[in-house]
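Accompanying notes for the structure given below.
None of the figures in this text is laboratory data; all of them are computed from the coordinates on show. Please read these numbers as outputs of a predicted model, since none were measured by experiment. Positions of Cβ are backbone-derived with ideal geometry, glycine not excepted, and every protein chain shown enters the neighbour counts.
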Amino acid sequence: MTTRPPAFVFQPSSLDNIEQIENYRSGGFHPVSIGDSFSRGRYRVLHKLGFGGFSTVWLARDEQSQRLVSLKIVTAEASNTCNELRILQHLNNSTKYRPACDHILSLLDHFTVEGPNGFHACLVSPFAGPDLAQISYTPGKRAGSRRLRAALARKFARQVTHAVGYLHDSGVAHGDLNTSNILIQLWNVDSWSDKVVYERLGFPVMDKVLLWSGELNNSVSAPEYLVEPANFSNIEYNCITKKVLLVDFGQSFMLQTPPPPNEVGFTMSYCAPEVYFERRMSVWSDIWALGCTIFEMRAGRQLFESFLGGPHEVLLQIVQILGKLPEPCAMSTSMRMENPKNIG
């Protein structure tokens, strides 16, 4: 007989690429189903685009303009401050325009929705396409076997570099720069009918939500079913542009007010040493992540890879490639290796 883990309410899903189901709780995700409407019926959900630790992202149709949009619904807890909304509003209000602005996510609309788990900030932005990590990664194939052509990789690298430069000139650090947060834009998506959306992205793959007892979900805190993100693998080549869009500003911050150490989050493969050891983020940690991202664009694999999920693998590769870390960091490495409980 399987023992129920403590505090678990729902059975694990049979889908692999979905959000943590136990986060459908007070303060957590807002339950969403295909066909749901938001903002007095203006935005109708067609498909799912993705998820993160603090949000789910949905493909929706703006019934007012008939354009396709991305609808990001933030967890209730994160909505209390909604750092991403503040950063995007700051960028939208900037009087500086440069071509780099075309490669940075813009905010079309925002509103708040009340649900069983609290009040959720909802951010509406233009619908883009697959992220660069999806393009490079093919299950079952060797890392780097599928990669961008050299000319296209250079073009994308230039666009992202200009975008990051514009952010820094505007007093903003991205804070979570990696290939999963760089989207390839698609041609004429606003002309897609609902039928074309499903022809090109597939119909939503769903999995019923079950309570741990095996019964159908009767909790209003979670949806009736979970939805797998849309599959971009069948998108025709002529739908893909040569432009990218930098997205996901949930970890971004104003350069004048970097986050305190206890609020710093990072992805180890793109993490500068000072972020890991000192939880100190700055314009320089953004540039480190940018360098790792540019390498990955061309190579089709990460510069510093963590096969087993541990930070020591990445730190070892950094030393092997770039040489010994400065003395204080080297001492910290030794201390952390002696005391695994300190590993973040």
Starting from the Cα of residue 188, move 7 Å in the Cα-to-Cβ direction to define the label point; list residues of the range 207-245 whose amide nitrogen is under 18 Å from there. 235-243
Residues with amide H under 5 Å from that of residue 10, placed H, sequence gap 5 or more: 212
Tell me the label-point distance for the pair residue 207, residue 81, using the 7 Å Cα-to-Cβ offset, in nm and rounded to one decimal. 3.2
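Exactly which trypsin sites (Lys or Arg not before Pro) in the range 1-92 are in a DSSP loop and have at most 16 other Cβ atoms within 10 Å?
Those satisfying the criteria are 40, 67.
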Enumerate the calculated ³J(HN,Hα) couplings along the range 245-253 in order (Karplus 6.51 cos²θ - 1.76 cosθ + 1.60, θ = phi - 60°), each rounded to whole Hz, writing x wherever the residue is Gly or Pro. 10, 7, 10, 6, 9, x, 9, 6, 7
Which cross-chain or sequence-distant (5 or more) residues have an amide H under 5 Å from the amide H of residue 230, H modelled 1.01 Å from N in plane? 48, 49
Are there any GluC sites (Glu not before Pro) in the range 146-231 that are in a DSSP loop and have at most 16 other Cβ atoms within 10 Å? List them by number. 215, 224
Counting only the backbone N, which residues of the range 42-68 are under 11 Å from the spot 7 Å out from the Cα of residue 133 toward its beta-carbon? 51-53
Rel. contact order, % - alpha carbon contacts under 8 angstrom, at least six apart, the range 1-129: 23
If each of residue 233 and residue 299 carries a label point 7 Å out from its Cα toward its Cβ, how far apart are those two points in nm? 2.5
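From the square roots a ≥ b ≥ c of the eigenvalues of the alpha-carbon gyration tensor of the range 210-328, which class results: rounded (a/c under 1.5), prolate (a/b over b/c), or oblate?
Cα axes put the range 210-328 in the prolate bin.
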Whole-Hz couplings from phi, Karplus 6.51/-1.76/1.60, listed for the range 190-203; x for Gly and Pro: 6, 8, 6, 7, 4, 4, 5, 3, 6, 5, 8, 10, x, 6
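Would you mind calculating the gained length between residue 307 and residue 242 on full extension (0.36 nm times residue separation, minus the Cα-Cα distance), in nm to one decimal?
20.3 nm
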If I histogram all Cα-Cα distances within the chain using bins 10 Å wide from 0, what percent of pairs lands in each bin? 5, 22, 32, 28, 11, 2, 0
Please turn the phi angles of the range 280-290 into ³J(HN,Hα) values with the Karplus equation 6.51 cos²θ - 1.76 cosθ + 1.60 (θ = phi - 60°), one per residue in order, whole Hz, x for glycine and proline. 10, 9, 7, 4, 6, 5, 4, 5, 4, 5, 4
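Applying 1/(1 + (r/R0)^6) with R0 = 45 Å to the Cβ-Cβ distance of residue 195 and residue 94, what FRET efficiency is obtained, to the nearest 0.05?
On the way: r = 39 Å, r/R0 = 0.86.
Efficiency, from the Cβ-Cβ distance: 0.70.
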If each of residue 37 and residue 322 carries a label point 7 Å out from its Cα toward its Cβ, how far apart are those two points in nm? 5.2
Helix-only estimate, please: 222 nm mean residue ellipticity of the chain, summing -39500 (n - 2.57) across DSSP H runs of length 4 or more and dividing by its residues, to the nearest 500. -8000 deg cm²/dmol
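Give me 177, 91, 325 sorted ascending by neighbouring Cβ count inside 10 Å, so fewest comes first.
325, 91, 177
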Stick to Cα atoms and the Kirkwood definition of Rh, then tell me Rg/Rh for the range 141-290. 1.06
May I ask you to derive the relative contact order of the chain, considering only C-alpha pairs under 8 Å and at least 6 residues apart, and to give it as an integer percent? 19
